[in-house]
Amino acid sequence: MSVRSTAIASGLLASILAWVVIFLSIHYNPWFSLTKNAFSDLGGPNANMPWIFNYGLVITGIISFIFSICIVYESRCKLECVAGAFMLIASIFLMLIGIFPEGTRHHTFVSLWFFVQADMAIITWGISSIRKIEGVLSLVAGLFGPLIAVFVRWPSVATLEAFGIIIIDIWILLFIASIKK
């Protein structure tokens, strides 16, 4: 399997697995409300089978880590390499969310920094690929995503997190489209 194929497979698998983990966790926690909770509540002390959410995030983080290494390997310039490094760090923070679940001391920090590092990867890759439509769209998503996140009044943390995950998923698709050319 080539690095390019691994990048495509791991990027898509990470995106899909994240949603599978979330929906499976919601299935086992019927009390969960998208408009009242945070996704991390699904891995917290009050959750049924919190290991699904927590181990799921660790596994998703490992797959995302592989995707990040592929970004670095496929990079055509230093800035793309830096974007891959930011995503690699975001992957580590994603794993740490599962290791430090809701209710633990470091949870808020690692959760926030997962999204910050992912956004830094999206912006950096967008700048590095600005001559392609995928780069422009990535830069727009990376810059406007956080602005929307800050200025929209979200009904819950989970809806804000879903928005952030969708931005990351869009970027993964943009990256895949870019390397398939």
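Structure above, values below:
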item	result
Matching option when the condition is among the polar types (S, T, N, Q) and either over 21 Å from LEU173 (Cβ atoms) or assigned to a loop (DSSP other than H, G, I, E, B) (or both), among SER68, SER91, SER40, SER64	SER40
Residue satisfying condition, being β-branched (Val, Ile, Thr), part of a helix (DSSP H, G or I) and closer than 24 Å to PHE65 by Cα, within set ILE179, ILE148	ILE179
Residue check, ALA47 among the small types (Gly, Ala, Ser) and surrounded by 19 or more Cβ atoms within 10 Å (Cβ to Cβ)	yes
Matching residues, the stretch 94-114, being surrounded by fewer than 22 Cβ atoms within 10 Å (Cβ to Cβ) and closer than 15 Å to PHE65 by Cα	MET95, LEU96
Leading residue by the ranking (farthest from ILE62 (Cα to Cα)) among those in the stretch 75-84 that are assigned to a helix (DSSP H, G or I) and in contact (Cβ under 8 Å) with a residue 24 or more places away in the chain	LEU79
Considering residues of the stretch 1-33 that are more than 18 Å from the chain's Cα centre (by Cα) and modelled with pLDDT of 95 or more only, the residue surrounded by the fewest Cβ atoms within 10 Å (Cβ to Cβ)	PRO30
Inter-residue pairs, beta-carbon under 6 Å, first over 12 Å from GLY103 (Cβ atoms) and in the stretch 28-53, second exposed (fewer than 13 other Cβ atoms within 10 Å of the Cβ), 6+ apart	THR35/PRO155
Candidates GLY56, GLY84, GLY61, filtered to the one that is farther than 17 Å from ILE165 by Cα and out of contact with any His (no Cβ under 8 Å at 6 or more places or on another chain)	GLY84
Every pair of residues 6+ apart whose Cβ atoms lie under 6 Å, when the first sits in the stretch 101-129 and is closer than 19 Å to PHE175 by Cα while the second is surrounded by fewer than 22 Cβ atoms within 10 Å (Cβ to Cβ) and charged (D, E, K, R)	SER128/GLU80
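The values are calculated or read from the model by the stated rules, or taken from the named source; none is laboratory data. Remember, predicted model here, so these are calculated numbers, not experimental data. Every residue, glycine among them, receives a Cβ derived from its backbone with ideal geometry; neighbour counts consider all protein chains shown.
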